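Engineer: Please read through the structure below; I'll follow up with questions.
None of the figures in this text is laboratory data; all of them are computed from the coordinates on show. Computed from a prediction, not measured in an experiment: that's the story for all the values here. Neighbour counts are summed over all protein chains in view; Cβ atoms, including those assigned to glycine, are modelled from backbone coordinates with ideal geometry.
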Amino acid sequence: MRQIVADNLDALLEVLPPHVREPLREQMQFTELLEVVIDLGSPPEARFPHGESAIVSKEVDQADIAYVVSRVGEFTSDNRAGIERTLHRISAMRNRQGRIIGLTCRVGRAVFGMVDMISDLIESGQSILLLGRPGVGKTTMLREAARVLADTSRKRVIVIDTSNEIAGDGDIPHPAIGHARRMQVPTPEQQHAVMIEAVENHMPEVIVIDEIGTELEAQAVRTIAERGVQLIGTAHGNNLENLVLNPTLSDLVGGTQSVTLGDEEARRRQTQKSILERKAPPTFDVVVEILDFYRVSVHADVQEAVDGLLTGRLIPTELRWVDSNDEIRKEMVLSAQTGTETGLRPEVEHPEFTREKVVKVYPFGVNRTRLEGVAKRERLNVQIVSDLESSDLLLTTRSHYRRKPQHVRDAENAGIPIYALKSNDVQQLLQWLHTIAPGISRSSYVHQMQDLLDERGGGRKKSVRKRSHSGSSRRGI
């Protein structure tokens with residue numbers, strides 16, 4: 001998979017004051033620039049993937065801000081503007097009187113080739129939802145998907161562009177979306193109406209929509225899907241579990257409802273009498289979690305994935321990544337949860353734990369003595385640590401995770417994997433330890449995977465490897 005990047009950095013430089021422009025151009029990391037921050041009374045700052053630096057020591061004054069504002073497009077109600085026929089975005093901060101006192105100038109890049117990892121899914125006609133943390137490349141992949149479907153598959157594609165972030169500022173869309181058509185949205189509040197208008201007036205085969213975030217938009221998406229139009233979209237949420245737990249957007253993946261079981265059924269399922277079940281068929285057929293520009297995790301059957309998440313069953317997830325030879329690799333991993341980042345890096349093609357590897361666990365809201373006892377009894381290479389910084393992962397319970405305490409937020413910010421158990425009992429700890437800790441029998445692991453695939457009627461044998469565990473994601477058992 002070869003990627004070609006178009007960033008129009010010169011166009012962004014032209015709107016910056018001259019005393020900022022030239023020193024910025026001389027920065028060693030200039031080609032990796034993410035944002036330029038211009039705040040009144042502070043030195044202008046350049047942000048890069050691995051840090052930030054002051055551009056000049058001179059503090060920004062009102063004239064500097066006015067210089068930039070006069071050279072970009074008009075700021076809309078969401079305080080965003082752009083540079084015509086580029087993908088750059090300029091966002092404003094205002095004081096209480098409405099005067100602009102700060103600007104974030106974000107670099108927009110078109111990455112041709114990023115969508116290759118999931119091109120088969122996009123061209124299959126299925127509706128696909130892209131998830132991932134901010135800045136991971138959701139909009140970039142969405143833009144590339146629109147181009148591929150319009151130019152390669154020759155489909156009628158309409159892009160719903162709420163903030164002109166997909167196809168750029170101005171009336172002429174950026175070449176990055178190819179022959180796809182673009183409908184602009186006057187205000188974010190009208191996005192759902194423009195989506196319906198696109199279907200009723202312009203006969204699209206595909207609708208591309210960024211940042212589905214409200215209940216009205218979720219309803220509009222379902223209406224469009226029921227009319228047989230393929231949807232490619234992104235939503236607010238890092239992974240599938242975030243979406244299931246979001247009452248506003250859970251309808252995108254079928255929604256949930258509380259069901260009370262009879263005594264006999266509850267005993268058979270070994271659950272409480274009151275449980276959550278999927279309420280309806282999912283709007284989207286496939287969920288793709290973007291882990292970074294070179295890795296994605298694919299839930300090819302959203303209905304099965306959501307059901308597995310709600311019942312705590314082990315489910316297969318397909319990991320796709322680009323290796324060091326620019327080849328796309330695929331591997332099935334067995335997961336006790338959905339929406340997880342496996343942390344498989346492109347250069348590590350066959351991630352395997354060794355028996356010498358010790359997994360350092362920081363328990364939060366989990367009985368430490370019980371955890372240590374189970375790990376010792378099972379003779380697993382697990383070390384319980386007392387500080388988050390030295391840990392490989394954080395282990396908590398779902399109830400603690402949902403409250404988002406400081407320890408959980410710190411782990412997410414530091415990129416430390418988070419695992420959440422349904423409960424704090426020995427059986428849960430035992431199941432989790434044998435999922436994560438080194439020493440689990442490889443033949444047993446493959447056997448579990450084959451049994452699960454056979455239950456689903458697949459009957460196909462797949463080579464399954466244990467996955468490495470890094471990244472900032474919430475994992476549930």
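Engineer: How fast does segment 142-206 diffuse by Stokes-Einstein, in µm²/s, taking the Kirkwood radius from C-alpha pairs at 10 °C and 1.306 mPa s? Let's see the in-between values first.
Structural biologist: Numbers: Rh = 11.8 Å.
Result for D is 135 µm²/s.
Engineer: Report the label-to-label distance for residue 402 and residue 62 in nanometres (one decimal), using points 7 Å from each Cα along the Cα→Cβ vector.
Structural biologist: It works out to 5.0 nm between the two label points.
Engineer: Given a Förster radius of 25 Å and the C-beta distance between residue 263 and residue 423 as r, what FRET efficiency does 1/(1 + (r/R0)^6) yield to the nearest 0.05?
Structural biologist: Values: r = 20 Å, r/R0 = 0.78.
Step by step, r from the Cβ atoms, then E = 0.80.
Engineer: Using alpha carbon centroids, what distance separates segment 135-152 and segment 79-129, in Å?
Structural biologist: About 12 Å separates the Cα centre of segment 135-152 from the one of segment 79-129.
Engineer: Another question, if that's okay. I'd like the FRET efficiency for residue 327 and residue 304, computed as 1/(1 + (r/R0)^6) with the beta carbon distance as r and R0 of 30 Å, rounded to 0.05.
Structural biologist: Working: r = 28 Å, r/R0 = 0.94.
It comes to 0.60.
Engineer: For residue 93 and residue 372 in the same chain, what is the full-extension length gain: residue separation times 0.36 nm, less their Cα-Cα distance, in nm? The partial results should precede the final answer.
Structural biologist: Numbers: separation 279, 0.36 × 279 = 100.44 nm, distance 4.99 nm.
Between residue 93 and residue 372, full extension yields 95.5 nm more.
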